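Reviewing the structure listed below.
The values are calculated or read from the model by the stated rules, or taken from the named source; none is laboratory data. All values reported here derive from a predicted model rather than from experimental measurement. Because the Cβ atoms are built from the backbone with ideal geometry, glycine has one as well, and the counts that use them run over all protein chains shown.
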Amino acid sequence: MKKLTVEDLSPALFWDVDKSDLDFEKHKSFVIQRTLEYGIFEDWIKVKSFYSKEQITEVALNFRTLDPISLSFIASYLGINKTEFRCYKHAQLHPNYWNSFID
């Protein structure tokens, strides 16, 4: 496992947090989710080389929210049906009527 620091990733990922307090082991869920949703592909490559596939799987399956594109990407990378993810189940329980079609 390689060493990863905040400076290795795009500055836009963690603009709203105190970077000196960010611990990549303690906050792995936050780091992985931010990278999936807002990072560039190079950020994903670095995060993927830092965390094991098992760690990413454990964390990603329990995300409460994740945008549809990121969900499809991580489901494909992990080889897991997106219906298994907590964020998918949560979205199905709480549909967004604002953007739904009206007949």
Restricting the range 1-15 to residues that are surrounded by fewer than 14 Cβ atoms within 10 Å (Cβ to Cβ) and either part of a loop (DSSP other than H, G, I, E, B) or of a type in the set (Lys, Arg) (or both), the residue that is modelled with the highest pLDDT: Trp15
Any hit, the range 64-82, residues being modelled with pLDDT under 95, over 18 Å from Arg34 (Cβ atoms) and assigned to a helix (DSSP H, G or I): yes
Meets criteria (over 11 Å from Ile32 (Cβ atoms), surrounded by fewer than 17 Cβ atoms within 10 Å (Cβ to Cβ) and of a type in the set (Phe, Trp, Tyr)) for Phe85: no
Filter result for Phe63 (closer than 24 Å to Lys89 by Cα, among the hydrophobic types (A, V, I, L, M, F, W, C) and within 15 Å of the chain's Cα centre (by Cα)): yes
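Would you check which residues across the range 49-63 are of a type in the set (Phe, Trp, Tyr), more than 9 Å from Leu36 (Cβ to Cβ) and in contact with a Phe, Trp or Tyr (Cβ under 8 Å, 6 or more places away or on another chain) and list them? Explain how you work it out, then say what you get.
At the first step, the residues of the range 49-63 found to be of a type in the set (Phe, Trp, Tyr) are 50-51, 63.
Next cut, more than 9 Å from Leu36 (Cβ to Cβ) only: 50-51.
Correct list: Phe50 only.
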Any hit, the range 43-56, residues being more than 21 Å from Leu71 (Cβ to Cβ) and loosely packed, with under 11 Cβ neighbours inside 10 Å: no
Near pairs, Cβ below 7 angstrom, 6+ apart or cross-chain, from the range 16-28 (assigned to a loop (DSSP other than H, G, I, E, B)) to any residue that is surrounded by 10 or more Cβ atoms within 10 Å (Cβ to Cβ): Leu22/Val6; Leu22/Phe14; Phe24/Leu4; Phe24/Val31; Phe24/Phe50
